[in-house]
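Peer 1: Below is a structure I'd like to ask you about.
The values are calculated or read from the model by the stated rules, or taken from the named source; none is laboratory data. Everything quoted here is computed from the prediction, not taken from an experiment. Neighbour counts are summed over all protein chains in view; Cβ atoms, including those assigned to glycine, are modelled from backbone coordinates with ideal geometry.
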Amino acid sequence: MLSRFDFPPGFLFGAATAAYQIEGTRFGGCGPSHWDSFAATPGNVVRAEDGAVTCDHYHRWPQDLDLLKAANMDAYRFSTSWTRVMPDGRTVNPEGLAFYDRLVDGMLERGLKPFQTLYHWDLPSALADLGGWTNRDVASWFADYAEAITRKIGDRVETVATINEPWCVAWLSHFMGIHAPGHRDIRSAARAMHHVLLAHGTAMERLRGMGQQNLGIVLNFDHTDAATDAPADVAAAALWDGIFNRWFIEGITKGTYPEQVLAGLAPHMPANWQDDMGTIGQPLDWLGVNYYTRHTVAHAPGTPWPAIRDLPGTLPKTQMGWEIYPDGLQSFLTRMERDYVGNLPLYVTENGMANADQLTDGAVTDQIREDYLFAHLAATKRAIEAGANVKGFFYWSLLDNYEWAEGYEKRFGLVHVDFTSLERTPKSSYHALARALARND
Ligand code: FCB
């Protein structure tokens, strides 16, 4: 069994969460976001559930930070909510700032390094009304929000990530329609694919101008295999890899978007998008890699661009139906180092699995999650041995929480949450990780 001593000195272990998924939007003057209206629209979210209360982390945060500390963790990846800080998207809510001020101090008191994410998907409704990610002005709105929260807590956070998973913000939400705002429109999608990076770059410039350090972004990657060796399937896999895995990192590090993706999106891109690539290409101080699974894709004859279909793979799957494939994490970490960022610090900012956990006699035994977690830690270690400069690993998630379109149905936590009593119960995977992270073996 791996322990912290199998990793380089100073390697950070932590867990991740996001504001909308755990805090509860009913409290503290938080404004409405596009997730509230998306969830209130029939058919979008399991049982039309939303984040109004969720884990009530807004009130129970001291207990949740205690759980991180008791698991011997070094760091906590959390997000600040745009709607809590600016309920109408532009006007600062002092109660919201005060909440994050307390939260960050609470982390430091417990010896936890704060890893902040600025945007984990809770776009204020007032800005959604103006077109949200399809409106180019989102870049300056986002930089204003970034500046306001950074003025309050920037002196104490260890790192700042601009955007969590731009692919989900743009493609999943504006082309596939699976996340808020639920658009299925190639023009909206092309705009969001570009504006999300423009917002990233604009906020990087603004924060760096304020002297803020350790600025990065969190990208998600899915290992992609072609269903067969047929040239059409191989091309479909390459196109999917371009849309999912290459678009954002190449926009940032190479100043260009992948050719075969532009072949489909160019007619729908905002005018003169090329002029923004300098802003988008602000140097990163670190890169976050989220990794969960593998995709097997094939050409979908007779359908419009991108003409790709997803096939169920053959590997064991999690409760999400996602295949378990730890080698993919190793290969993305080495690919980032080799093709894009060289020796830049990398963090695994999310990795974890959903499981149909059962609370029995006050305990949850989730051996399968323990196996998943340690297999991905081993993959991370192999990537480090192969030369990737990986500095930390965050499990998704600390708590069972609001899993977006899946509502409260899918449990990713190291800690079980009863969504009626809001009682927290650490699972066996939590205890296994705490043992592995003990500092004085
Ligand atoms: C990621 C999200 C996170 C959570 C996990 C399961 O895509 O960043 O909020 O939903 O997936």
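Peer 1: Please list, ordered by first then second residue, the pairs with beta carbon atoms under 6 Å, 6 or more apart or interchain, first in the stretch 219-233 and farther than 17 Å from Q330 by Cβ and in contact (Cβ under 8 Å) with a residue 12 or more places away in the chain, second away from the ligand (no atom under 11 Å from the Cβ) and in a strand (DSSP E or B).
Peer 2: A227/T296; A227/A298; A227/L311; A232/H299; D233/A226; D233/A298; D233/H299
Each row is one residue, and each column tells you yes or no for (1) within 16 Å of the ligand (Cβ to nearest atom); (2) in a helix (DSSP H, G or I).
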position: L262; (1), (2): no, yes
position: M277; (1), (2): no, yes
position: N290; (1), (2): yes, no
position: W305; (1), (2): no, no
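Peer 1: Looking at the structure I just gave you, is G31 buried (at least 22 other Cβ atoms within 10 Å of the Cβ), in contact with a helix residue (DSSP H, G or I) (Cβ under 9 Å, 6 or more places away or on another chain) and at pLDDT 95 or above?
Peer 2: It is true that G31 is buried (at least 22 other Cβ atoms within 10 Å of the Cβ), in contact with a helix residue (DSSP H, G or I) (Cβ under 9 Å, 6 or more places away or on another chain) and at pLDDT 95 or above.
Peer 1: Looking at (1) surrounded by fewer than 21 Cβ atoms within 10 Å (Cβ to Cβ); (2) of a type in the set (D, E, K, R); (3) without any contact (Cβ under 8 Å) to a residue 24 or more places away in the chain, which one does D241 not meet, given that it meets all the others?
Peer 2: Only one criterion in (1) surrounded by fewer than 21 Cβ atoms within 10 Å (Cβ to Cβ); (2) of a type in the set (D, E, K, R); (3) without any contact (Cβ under 8 Å) to a residue 24 or more places away in the chain is unmet by D241, namely (1).
Peer 1: Where residues in the stretch 94-141 are among the aromatic types (F, W, Y) and within 14 Å of S33 (Cα to Cα), which of them is farthest from the ligand (Cβ to nearest atom)?
Peer 2: W133
Peer 1: OK, next. Would you please list the contacts, defined by Cβ atoms under 8 Å and residues six or more apart or on different chains, that run from a residue in the stretch 274-295 that is under 16 Å from R136 (Cβ atoms) and free of Cβ contacts under 8 Å to residues at least 40 places away in the same chain to a residue that is among the β-branched types (V, I, T) and surrounded by fewer than 20 Cβ atoms within 10 Å (Cβ to Cβ)?
Peer 2: That search, which allows pairs on different chains as well, returns M277/T256.
Peer 1: Here's a check for you: in the stretch 178-200, which residue that is small (G, A, S) and surrounded by fewer than 23 Cβ atoms within 10 Å (Cβ to Cβ) is farthest from G131 (Cα to Cα)?
Peer 2: G182
Peer 1: Then there is this: Tell me the strands (runs of 3 or more DSSP E) entirely within the stretch 348-441 that contain at least 2 residues that are aromatic (F, W, Y) and either crowded, with 22+ Cβ neighbours inside 10 Å or within 16 Å of the ligand (Cβ to nearest atom) (or both).
Peer 2: Those strands (runs of 3 or more DSSP E) span 390-396.
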